[in-house]
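Visitor: Sharing a structure below in structure tokens format, with a few things to ask.
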Amino acid sequence: MARTPRRYAIHLFLTGGHHQEVHFNTLEDFQNWYGGVLNAAALDTFVNVPISDLTSEFLVLRAGSVQAIRVEPIYGALDD
């Protein structure tokens, strides 16, 4: 029986060696955000990254500062 992830941890690796971890409830939520905001923005424009389940909390960064993204499924109980 296949397990279903409870949420997804998205690791953003930024220029200058910085790292930020954000969470999305479903993989489709992440794909919609990535395709609609990060991937569609010009490299020098600011984009909002939702950093928690609260709708008013964002990390603002330039789209070009994201060097790599790692998607990690989370299966266990709440860890925050």
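Visitor: Only Lys, Arg, Asp and Glu count, each charged at its Cβ (+1, +1, -1, -1), so figure out the dipole size of the chain about its Cα centre, rounded to 20 debye.
Guide: Result for the chain is approximately 200 debye, rounded to the nearest 20.
Visitor: Identify, among His23, Gly35, Asn48, the residue whose Cα sits farthest towards the positive end of the charge dipole of region 2-58, taking +1 on the Cβ of Lys and Arg and -1 on the Cβ of Asp and Glu, with the dipole about the Cα centre.
Guide: His23
Visitor: Leaving ligands, DNA and RNA out of it, report the carbon-plus-sulfur percent of the accessible area of the chain at a 1.4 Å probe.
Guide: Carbon with sulfur: 53 percent of the solvent-accessible area.
Visitor: If I ignore ligands, DNA and RNA and count only protein heavy atoms, how much of Ile74 is accessible to a 1.4 Å probe, in Å² to the nearest 10?
Guide: 20
Visitor: Evaluate the relative contact order of region 33-77 (contact order divided by residue number), counting alpha-carbon pairs under 8 angstrom at least 6 apart; express in whole percent.
Guide: 32
Visitor: Kindly give the semi-axes, whole Å and largest first, of the ellipsoid equivalent to the chain, taking each as the square root of 5 times a Cα gyration tensor eigenvalue.
Guide: After scaling each eigenvalue by five and taking roots: 23, 13, 12 Å.
Visitor: Compute, for Glu21, the solvent-accessible surface of its heavy atoms (probe 1.4 Å) with the complete set of protein chains present, and express it in square angstrom to the nearest 10.
Guide: Looks like 80 Å² after rounding.
Visitor: Per DSSP H run of n ≥ 4, the term is -39500 (n - 2.57); total these for the chain, divide by its residue number, and report the mean residue ellipticity at 222 nm rounded to 500 deg cm²/dmol.
Guide: The helix-only estimate for the chain comes to -2000 deg cm²/dmol at 222 nm.
Visitor: May I pose another question? At 1.4 Å probe size, what's the solvent-accessible area of Arg62? Round to the nearest 10 Å².
Guide: 110
Visitor: Sticking with this structure for a sec: With θ set to phi - 60° and the Karplus curve 6.51 cos²θ - 1.76 cosθ + 1.60, what are the ³J(HN,Hα) couplings of region 60-75 in order, to the nearest whole Hz, using x for Gly and Pro?
Guide: Listing the rounded values in order: 10, 9, 7, 4, x, 7, 7, 8, 7, 9, 10, 9, 10, x, 10, 9 Hz.
Visitor: Something else now. Can you order the peptides 11-19, 30-38 by their average number of other Cβ atoms within 10 Å per residue, highest first?
Guide: Per-residue Cβ counts within 10 Å, averaged per peptide and sorted highest first, yield 30-38, 11-19.
The values are calculated or read from the model by the stated rules, or taken from the named source; none is laboratory data. What you see is a predicted model, and the numbers here were worked out from it, not measured in a lab. All Cβ positions, glycine included, derive from the backbone under ideal geometry; neighbour counts span all protein chains shown. Each accessible area value is taken on the protein alone, full model and side chains, heavy atoms only, with ligands, DNA and RNA left out. Shrake-Rupley method; radii C 1.70, N 1.55, O 1.52, S 1.80 Å.
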